[in-house]
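The values are calculated or read from the model by the stated rules, or taken from the named source; none is laboratory data. All values reported here derive from a predicted model rather than from experimental measurement. Here Cβ is always computed from backbone atoms with ideal geometry, including for glycine, and neighbour counts include all displayed protein chains. Heavy atoms of the whole protein, side chains included, go into the accessibility calculation; ligands, DNA and RNA do not. Shrake-Rupley method; radii C 1.70, N 1.55, O 1.52, S 1.80 Å.
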Amino acid sequence: MPDNGLALFVEVILPLPLPNVYTYRVQTELMDEIAIGKRVIVQFGARKFYTAIVCKLSETPPAGYEAKYITAILDDTPLISENQLKFWRWMASYYMCAIGDVMAAAIPAPFRIESETVIKLNPNCDVDAIDLSDKEFLITEALTLVSQLSITEITKILDSKNVFGVLKSLYKKDVIIYSEDISEKYKPKTITCYRLADNYKSEAELHKLFDKLEKKQKQLDVLMAYVQLSYKHEHISKALLLNFASISESSITTLVKNGILIEYKQKVDRLVSETAIIENFLLNDFQQKAYLEIKEQFVEKNVVLLHGITASGKTHVYVKLIEEQLLLNKQVLLLLPEIALTSHIVKRIKKYFGEKALEFHSKIGSNERVEVWKRIKEGKPIVLIGARSAVFMPFENLGLVIVDEEHETTYKQQDPAPRYHARDSAIYLAQLWNAKTLLGSATPSFESYYNCIDSRYGLVEMNTRYSEVQPPKIITANLAEDMRTKSMHGHFTKLLYEKIAKALANKQQVILFQNRRGYAPIMECEQCGWTPKCVNCDINLTYHRYNDSLKCHCCGYAIKSPTQCVACSSHKVALKGFGTEKIEDDLQILFPDARLLRLDLDTTRTKHGHAEIIYSFEKHEADILVGTQMLSKGLDFGNVTLVGVINADQLLSFPDFRSHERAYQLISQVSGRAGRNKIQGEVVVQTKQPEHHVIQEVIKQQYQRLYANEIADRERFLYPPFTRLIKLIVKHKDYKTCEEAAFALQRFLYTRFGQNIIGPESPYISRIKNFYIKEMLIKIKRTSPHLNVLKQFIQTGILEINTNKKFKSVFIYADVDPY
C-alpha cells in the first residue's frame, strides 16, 4: 500500500486463546510491503514477541488503547490465503473457540516464531560484592562462561523445575537482567557435498593432479570416484562418495585439507519422492458402476456418501477420481482417520501417483511439515494424504475432498481447542473452493446416512467384495454358557480356541480384538477391597505387565506394582479384568509355538511403531495379531482367515447414546479384516448376549435395520441428527468452586434454554490431572435459524462467570458436536 500521508493500521491474529484480534500500527517504510495473510512480528504484553497473521488493513486507529508498531514483516508473499482466513473464521465461530486457537493448530510450529526469555548478567553489577546462595552462585557462574541462558538451560543446571524463585531473587539483587530472544525455528535440511577446487577444473591441471597422487592410492581412489560420479550428479555428497567402492572418510578429509576438494553444505528436500508405478488397473463392473454413479451424483450434490462393504474396493474408485482431478491440474485432499494404520492405502496412492502424492500427519517432523506446506502452496496438482490436521493446508486449487472411513471418531479433535470434526470441516473447506466431497465407509455414521435419506447428500452403494469372495461368516460364542460349563481356555471360549488352533495348523493368520490395553484394568485386595487409584485423577490404575507397573491412562502417573495391600498389608492382591497384554499372555501359554504381535498405544509410541508391526504381520512374521480398535482402521491382510472379538459386551454397555452404532461399526469393521483374499473368513464374537439385536444385525449385515431402530429413538429423545449438541465443561482444582461455577452458569443459561439443558453432572471420570470436572449438555434443534445467536448467548454466559471474581480461575469451554 503506497504512503498517502495517512497512518496505516493492521488487525492481526495472535496464536493465543484470545477473544479478540488486536490492532497494530505499520511504520511508513513498511507500508508498501504489508498485505493480508503475511506474518508479522509483534510485541504483546510487556516483553513477549509473537508471530501474528495480518487479517485486515485499516486507516482507523483502535479505540481505547494506543497501537504499538509492528516489529517486522516476515514474508515476501502472503503465507495465508483469503480462503484460509475464511476457513479459520468459520471454525472459530462454529466450534466456539478463539481464532488464535485455530491459528496455533493450523500453522506448522516453525512458522510461529516466538520470543524466548533469556537471562543475562547485569553488566553494571559487581557480583563478587553480593551475598549469593548456592543456587544463585551456580547460575551466575554459568553466566560468566556463556553470554545468556534460557529458562530450560537453568532448569538443567539447578536440576530443579522450580527455578523462578531463584531468578526472582537474583533480579531483585540486580545481578541479572531479562531479555527476549527471537530466532527462526525452521531449519532446512542440508547434506555435506564436495566440489573440485577451481584450479583443478581444466583437463590439463586434472591430469597433473592424477600424476601427483599416483603413489597415494586411497586419495587417488577418491578423486577417481568423484570424477565418475560428477558425470551423473550435480552435487557429490559425502554419502555418495563413501558408498562408491571402498572409499575411506579419512582420504576425503585429506583431500579437503590439501585444498583439492572443497566442502560445502547443500540444501535438500526432506520429502522423499517416489517414482510412480502405473498399475493401469481396470475397475470391475461393480466399481465402474459406483464410479459413474458418483460422477452423476456430483452434478447435483456437493457431497456424496459411498457406502461400500469392507473389501469392496473403494480405494480403486478413489484412485480413479483422484486421477481425473490431477489431469485437470486440481489438488485433492484424501483424509484418513490414522495414517499409520492405513499404510496400505498410502502405499497404493504413492505407488500410483509418485511424487504427486504427499503425506501430512502428526508422525512427521515439524520441518518436514513446513516443506509439505510450501509444496502445496505452489499450487501444482498434488494429492495430499493426511490425518485430520490436513484440512489446514494452504490449498491453491482444491478440486476434490475424499474422507475415508468417515464414521471414525478419531476425526474429532478432543483437546486442545479447536475441538473440530475433520469430516465436517472438510465439507466446508470444499465448499469454499467449489469442490466436491466424497465420504466413504462400510458403516456410515448415522448423521451422514440421515443426510442421504434427507436428500442433502447423494448416496452410492457397493455391496459386492472386490475379489467376489463371500463376506466373512460371523458366529457367536456364548461366554455365559462356557463359563457355566467351565469350558473356557483362559479368556477364550471353546469355539474360539478351536478355531484359532485350526487356523494355526493351516498356516493361516488370526486377528484378536480386545478394546482395552494393558494387562488388567483393576488391582484389588481380596481382604479389604482396596484398589490403587491415580493421585491426580478419579480413576483406577491399570496394571502393565511388561514393566510391572500401575499406570493412569488419563495423566500418565505410574507407580511400581505393590506386592501387598497398602491399606491392610494383606498379600492377597488380585488382578481383575483383562486387556490386550493379558490376552497376549494367555496366547503364549495356550499356543506356545505361535508368533505373536500386539497393536495398541503401548506398542506404537515410536514414529514408525504402527508401520513396523503392520509390515511384520503383512509379511507373515507373526501368526496372531492382538489389538485394540486400531485393528478396525482399514488394515488389509490377505492371509487372515479368522477374527475373534474377545468381549463384545463391553461395546454394547458403554453409557453413550451412540453405543449401539459404535458397537456395530467396530465389530463390522474388525470382521472385515477376515477373508480378504480367496478364502472366506470366519469371525467369532464372544458375548453373554448372543441374541442382542446389535449382534444379530452385525451377523446379518442389517445396517438399515439398525439405523431405523436407532434413528427413531434419537428423534424421540432429541439426539443428533435431529439436534445439535453443545457440551460445556467446567474445571477447577477445588471441587466446591467447580460445582458453584457450574450451577451459576446453568442458572444463566436456563433462562434461554430451559429443559433443553442437562446437568451440571460429574462425568464418568470426574477428576483429571487434579482438576474436578462438571459437564452440561445443551440440545438445539438442527432446524433452528438462531444457532449463531444461541452460541453467542452461551459465550456471554461463560464470560459472565469468568468475570466474577470468585470464579476467575475456573476454566470453562464449549465442545460443539461432542461425539
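Details
- Top-ranked residue in segment 725-742 [being basic (Lys, Arg) and within 18 Å of Lys769 (Cβ to Cβ); ranked as surrounded by the most Cβ atoms within 10 Å (Cβ to Cβ)]: Lys731
- Checking Asp415 against (1) under 15 Å from Ala105 (Cβ atoms); (2) open to solvent by 10 Å² or more (accessible area, probe 1.4 Å); (3) touching a residue at least 24 places away in the same chain (Cβ under 8 Å), the condition it does not meet: (3)
- Figure legend. Inter-residue proximity from segment 708-724: first residues open to solvent by 60 Å² or more (accessible area, probe 1.4 Å), second residues among the basic types (Lys, Arg) and modelled with pLDDT of 95 or more, beta-carbon distance below 6 Å, spacing 6+ or different chains. Indicated pairs: Leu718/Lys779.
- Those residues of segment 537-589 which are aliphatic (A, V, I, L, M) and open to solvent by less than 50 Å² (accessible area, probe 1.4 Å), in sequence order: Ile539, Leu541, Leu550, Val573, Ala574, Ile583, Leu587
- Yes/no for Tyr457 being aromatic (Phe, Trp, Tyr), open to solvent by 20 Å² or more (accessible area, probe 1.4 Å) and out of contact with any strand residue (DSSP E or B) (no Cβ under 8 Å at 6 or more places or on another chain): no
- Within the set Ala35, Ala67, Ala52, the sole residue that is closer than 20 Å to Pro394 by Cβ, more than 31 Å from the chain's Cα centre (by Cα) and modelled with pLDDT of 90 or more turns out to be Ala35.
- Options Val256, Val268, Val319; residue that is over 29 Å from Pro188 (Cα atoms) and modelled with pLDDT under 95: Val319
- Scanning segment 632-645 for residues that are buried (at least 24 other Cβ atoms within 10 Å of the Cβ) and touching a Phe, Trp or Tyr at 6+ places or on another chain (Cβ under 8 Å) gives Ser632, Val643, Gly644, Val645.
- Criterion: touching a residue at least 40 places away in the same chain (Cβ under 8 Å) and of a type in the set (Ser, Thr, Tyr) - qualifying residue of Thr604, Thr563: Thr604
- A Cβ distance below 6 Å, combined with a sequence gap of six or more or placement on separate chains, defines the contacts here; from segment 681-694, residues that are more than 13 Å from Ala503 (Cα to Cα) reach residues that are surrounded by fewer than 23 Cβ atoms within 10 Å (Cβ to Cβ) and of a type in the set (D, E, K, R) in the pairs Thr687/Asp649; Lys688/Asp649.
- Annotation: of all residues in segment 665-702 being touching an Asp or Glu at 6+ places or on another chain (Cβ under 8 Å) and open to solvent by 10 Å² or more (accessible area, probe 1.4 Å), the one that is farthest from Ser487 (Cα to Cα) is Arg676.
- Listed by position, the strands (runs of 3 or more DSSP E) contained in segment 610-722 that have at least 1 residues being within 23 Å of Leu495 (Cα to Cα) and within 28 Å of the chain's Cα centre (by Cα) are 624-627, 640-645.
- Within segment 430-448, being open to solvent by less than 10 Å² (accessible area, probe 1.4 Å), more than 21 Å from Phe722 (Cα to Cα) and not polar (S, T, N, Q) holds for Ala430, Ala435, Leu438, Gly440.
- When Val372 is tested against (1) more than 25 Å from Leu631 (Cα to Cα); (2) touching an Asp or Glu at 6+ places or on another chain (Cβ under 8 Å); (3) part of a loop (DSSP other than H, G, I, E, B); (4) not small (Gly, Ala, Ser), only condition (3) is not met.
Conditions tested, residue by residue: (1) modelled with pLDDT under 85; (2) among the basic types (Lys, Arg); (3) under 30 Å from Trp373 (Cβ atoms).
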site	(1), (2), (3)
Thr117	yes, no, yes
Ile139	no, no, no
Val146	no, no, no
Ile151	yes, no, yes
Asn162	yes, no, no
Leu170	no, no, no
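- Any hit, segment 790-806, residues being touching a residue at least 24 places away in the same chain (Cβ under 8 Å) and of a type in the set (Ser, Thr, Tyr): no
- Filter pass, Gly365 being among the small types (Gly, Ala, Ser) and in contact with a helix residue (DSSP H, G or I) (Cβ under 8 Å, 6 or more places away or on another chain): no
- Condition met for Tyr750 (assigned to a helix (DSSP H, G or I) and either touching a Cys at 6+ places or on another chain (Cβ under 8 Å) or open to solvent by 30 Å² or more (accessible area, probe 1.4 Å) (or both)): yes
- Residue in segment 777-786 that is farther than 30 Å from Gly556 by Cα, touching a strand residue (DSSP E or B) at 6+ places or on another chain (Cβ under 7 Å) and assigned to a helix (DSSP H, G or I) present: no
- Checking Phe9 against (1) over 29 Å from Thr117 (Cα atoms); (2) not in a loop (DSSP other than H, G, I, E, B), the condition it does not meet: (1)
- Counting only residues that are touching a Lys or Arg at 6+ places or on another chain (Cβ under 9 Å) and closer than 12 Å to Ile309 by Cα, segment 666-679 holds 2 of them.
- Filtering Pro19, Pro15 for residues that are assigned to a loop (DSSP other than H, G, I, E, B) and surrounded by 14 or more Cβ atoms within 10 Å (Cβ to Cβ) leaves a single hit, Pro15.
- The sole residue among Asp221, Asp211 that is charged (D, E, K, R), open to solvent by less than 70 Å² (accessible area, probe 1.4 Å) and either farther than 30 Å from Asp134 by Cβ or in contact with a helix residue (DSSP H, G or I) (Cβ under 7 Å, 6 or more places away or on another chain) (or both) is Asp221.
- Any hit, segment 796-812, residues being polar (S, T, N, Q), part of a helix (DSSP H, G or I) and surrounded by 14 or more Cβ atoms within 10 Å (Cβ to Cβ): yes
- Which numbered condition Ala340 fails, given (1) touching a Gly at 6+ places or on another chain (Cβ under 9 Å); (2) open to solvent by 10 Å² or more (accessible area, probe 1.4 Å); (3) closer than 24 Å to Pro108 by Cβ; (4) at pLDDT 85 or above: (4)
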